[in-house]
1. Hey, can you tell me all the residues within segment 97-117 that are closer than 14 Å to residue 79 by Cα and either surrounded by 12 or more Cβ atoms within 10 Å (Cβ to Cβ) or touching a residue at least 60 places away in the same chain (Cβ under 8 Å) (or both)?
2. In segment 72-88, what count of residues is obtained for those that are crowded, with 18+ Cβ neighbours inside 10 Å, closer than 29 Å to residue 6 by Cβ and of a type in the set (A, V, I, L, M, F, W, C)?
3. Consider residue 91 against the criteria (1) surrounded by 14 or more Cβ atoms within 10 Å (Cβ to Cβ); (2) in contact with a helix residue (DSSP H, G or I) (Cβ under 8 Å, 6 or more places away or on another chain); (3) modelled with pLDDT of 95 or more: it satisfies all of them except one. Which criterion is unmet?
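The values are calculated or read from the model by the stated rules, or taken from the named source; none is laboratory data. Every value quoted in this text rests on a predicted model; they were computed, and no experiment measured them. FYI the Cβ positions are ideal-geometry reconstructions off the backbone, even for glycines, and counts take in every protein chain you see.
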Amino acid sequence: MQCEICGVDIKGAPIRATVEGTVLDLCSKCARYGKVSDKWTPVSRKIMPNEKMIVTRKPRRDAFDKLEDEIMSDYAGIIRRARESHGLTIEELASKIMEKSTLLRKIEREELMPEDTIRKKLETALNIKLMERVSSQDQRGGGFIRGTTLGDVAIIKKKAK
Ligand SMILES: [Zn+2]
(Lines give C-alpha, C1' and ligand atoms only; values in the text may rest on other atoms or scores of the structure.)
Protein backbone atom coordinates (compact mmCIF):
# COMPACT_ATOMS: atom_id res chain seq x y z
CA MET A 1 0.00 0.00 0.00
CA GLN A 2 1.46 3.34 -1.00
CA CYS A 3 0.51 6.78 0.20
CA GLU A 4 -1.46 8.50 -2.54
CA ILE A 5 0.14 11.84 -1.87
CA CYS A 6 3.83 11.22 -1.30
CA GLY A 7 4.03 7.63 -2.54
CA VAL A 8 5.85 6.13 0.43
CA ASP A 9 5.07 2.58 1.41
CA ILE A 10 2.65 2.70 4.29
CA LYS A 11 3.49 0.36 7.10
CA GLY A 12 0.34 -0.98 8.66
CA ALA A 13 -3.05 0.36 7.80
CA PRO A 14 -3.26 3.52 5.68
CA ILE A 15 -5.21 6.47 6.98
CA ARG A 16 -8.21 7.14 4.83
CA ALA A 17 -8.76 10.86 4.52
CA THR A 18 -10.70 13.22 2.34
CA VAL A 19 -8.55 15.77 0.50
CA GLU A 20 -10.43 18.36 -1.51
CA GLY A 21 -13.38 16.01 -1.80
CA THR A 22 -11.35 13.00 -2.88
CA VAL A 23 -10.85 10.01 -0.65
CA LEU A 24 -7.22 8.97 -0.51
CA ASP A 25 -5.25 6.40 1.43
CA LEU A 26 -2.49 8.29 3.11
CA CYS A 27 0.50 7.79 5.31
CA SER A 28 0.39 9.33 8.75
CA LYS A 29 2.45 12.33 7.57
CA CYS A 30 0.09 13.21 4.75
CA ALA A 31 -3.08 12.46 6.66
CA ARG A 32 -3.00 15.98 8.06
CA TYR A 33 -3.64 17.35 4.57
CA GLY A 34 -7.04 15.79 4.62
CA LYS A 35 -10.09 15.29 6.74
CA VAL A 36 -9.94 11.82 8.17
CA SER A 37 -13.07 9.85 7.50
CA ASP A 38 -14.03 6.81 9.49
CA LYS A 39 -15.63 4.90 6.74
CA TRP A 40 -15.25 4.60 3.03
CA THR A 41 -17.47 6.97 1.10
CA PRO A 42 -17.48 6.11 -2.57
CA VAL A 43 -17.09 9.18 -4.73
CA SER A 44 -18.98 9.10 -7.97
CA ARG A 45 -16.66 9.46 -10.93
CA LYS A 46 -18.58 12.34 -12.45
CA ILE A 47 -18.33 14.52 -9.38
CA MET A 48 -14.64 13.81 -9.00
CA PRO A 49 -12.85 17.11 -9.14
CA ASN A 50 -10.69 17.77 -12.13
CA GLU A 51 -7.36 16.04 -11.73
CA LYS A 52 -5.58 19.35 -11.78
CA MET A 53 -7.67 20.50 -8.87
CA ILE A 54 -6.51 17.71 -6.62
CA VAL A 55 -3.98 19.55 -4.63
CA THR A 56 -1.03 18.12 -2.87
CA ARG A 57 2.26 19.40 -1.77
CA LYS A 58 5.53 17.62 -1.64
CA PRO A 59 6.11 16.91 2.03
CA ARG A 60 9.78 17.78 1.75
CA ARG A 61 8.83 21.39 1.13
CA ASP A 62 7.19 21.66 4.53
CA ALA A 63 10.31 22.70 6.32
CA PHE A 64 10.52 25.76 4.11
CA ASP A 65 6.93 26.85 4.35
CA LYS A 66 7.45 28.98 7.40
CA LEU A 67 10.41 30.85 5.98
CA GLU A 68 9.98 34.05 4.10
CA ASP A 69 13.05 33.37 2.05
CA GLU A 70 12.36 30.27 0.09
CA ILE A 71 14.71 28.24 -2.02
CA MET A 72 13.75 28.52 -5.65
CA SER A 73 11.77 25.56 -6.88
CA ASP A 74 14.13 25.22 -9.83
CA TYR A 75 17.23 25.24 -7.64
CA ALA A 76 18.55 22.05 -9.23
CA GLY A 77 18.31 23.45 -12.75
CA ILE A 78 19.81 26.77 -11.69
CA ILE A 79 22.80 25.03 -10.13
CA ARG A 80 23.30 22.71 -13.08
CA ARG A 81 23.06 25.46 -15.70
CA ALA A 82 25.38 27.74 -13.75
CA ARG A 83 27.87 24.92 -13.26
CA GLU A 84 27.80 24.08 -16.95
CA SER A 85 28.18 27.71 -17.95
CA HIS A 86 31.29 27.82 -15.76
CA GLY A 87 32.53 24.75 -17.59
CA LEU A 88 32.73 22.73 -14.39
CA THR A 89 31.98 19.08 -13.85
CA ILE A 90 30.18 18.06 -10.69
CA GLU A 91 33.49 16.74 -9.35
CA GLU A 92 35.26 20.02 -10.09
CA LEU A 93 32.53 22.06 -8.48
CA ALA A 94 32.52 19.71 -5.50
CA SER A 95 36.24 20.14 -4.88
CA LYS A 96 35.92 23.88 -5.40
CA ILE A 97 33.42 24.15 -2.55
CA MET A 98 34.92 21.28 -0.56
CA GLU A 99 31.86 19.09 -0.66
CA LYS A 100 31.24 15.56 -1.86
CA SER A 101 30.31 15.17 -5.51
CA THR A 102 27.70 12.58 -4.52
CA LEU A 103 26.01 15.28 -2.48
CA LEU A 104 25.99 17.72 -5.39
CA ARG A 105 24.67 15.03 -7.67
CA LYS A 106 21.75 14.48 -5.32
CA ILE A 107 21.09 18.21 -5.17
CA GLU A 108 21.09 18.49 -8.97
CA ARG A 109 18.66 15.59 -9.17
CA GLU A 110 16.39 17.38 -6.68
CA GLU A 111 16.79 14.48 -4.31
CA LEU A 112 18.16 16.79 -1.69
CA MET A 113 17.61 20.39 -0.70
CA PRO A 114 20.98 22.03 -0.20
CA GLU A 115 21.35 23.04 3.39
CA ASP A 116 22.22 26.66 4.11
CA THR A 117 25.98 26.31 4.28
CA ILE A 118 26.17 24.36 1.02
CA ARG A 119 23.68 26.65 -0.67
CA LYS A 120 25.76 29.68 0.22
CA LYS A 121 28.92 28.04 -1.07
CA LEU A 122 27.16 27.19 -4.32
CA GLU A 123 25.81 30.72 -4.63
CA THR A 124 29.27 32.18 -4.16
CA ALA A 125 31.10 29.67 -6.34
CA LEU A 126 28.64 29.94 -9.22
CA ASN A 127 27.59 33.54 -8.71
CA ILE A 128 23.90 32.63 -8.50
CA LYS A 129 20.99 33.26 -6.19
CA LEU A 130 19.03 30.29 -4.96
CA MET A 131 16.70 32.01 -2.55
CA GLU A 132 13.72 34.15 -3.34
CA ARG A 133 11.71 36.28 -1.00
CA VAL A 134 8.18 35.03 -0.78
CA SER A 135 5.37 37.13 0.46
CA SER A 136 3.17 34.89 2.51
CA GLN A 137 0.17 36.88 1.32
CA ASP A 138 0.82 36.43 -2.37
CA GLN A 139 2.08 32.89 -2.37
CA ARG A 140 0.03 31.30 0.32
CA GLY A 141 -3.29 33.06 -0.01
CA GLY A 142 -4.52 30.65 -2.65
CA GLY A 143 -3.99 27.65 -0.48
CA PHE A 144 -2.29 24.60 -1.89
CA ILE A 145 -3.21 25.13 -5.51
CA ARG A 146 -0.40 27.52 -6.38
CA GLY A 147 2.04 25.26 -4.61
CA THR A 148 1.18 22.38 -6.87
CA THR A 149 3.90 21.54 -9.31
CA LEU A 150 3.74 19.54 -12.51
CA GLY A 151 5.39 16.73 -10.63
CA ASP A 152 2.55 16.61 -8.16
CA VAL A 153 -0.01 16.54 -10.93
CA ALA A 154 1.82 13.69 -12.61
CA ILE A 155 1.76 11.70 -9.39
CA ILE A 156 -1.95 12.27 -8.97
CA LYS A 157 -2.65 11.28 -12.56
CA LYS A 158 -0.75 8.08 -12.09
CA LYS A 159 -2.54 7.25 -8.87
CA ALA A 160 -5.94 8.21 -10.19
CA LYS A 161 -6.01 5.33 -12.67
ZN1 LIG B 1 2.29 10.46 2.47
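1. 97, 101, 103, 104, 105, 106, 107, 108, 110, 112, 113, 114
2. The total comes to 3.
3. The single condition residue 91 does not satisfy is (1).
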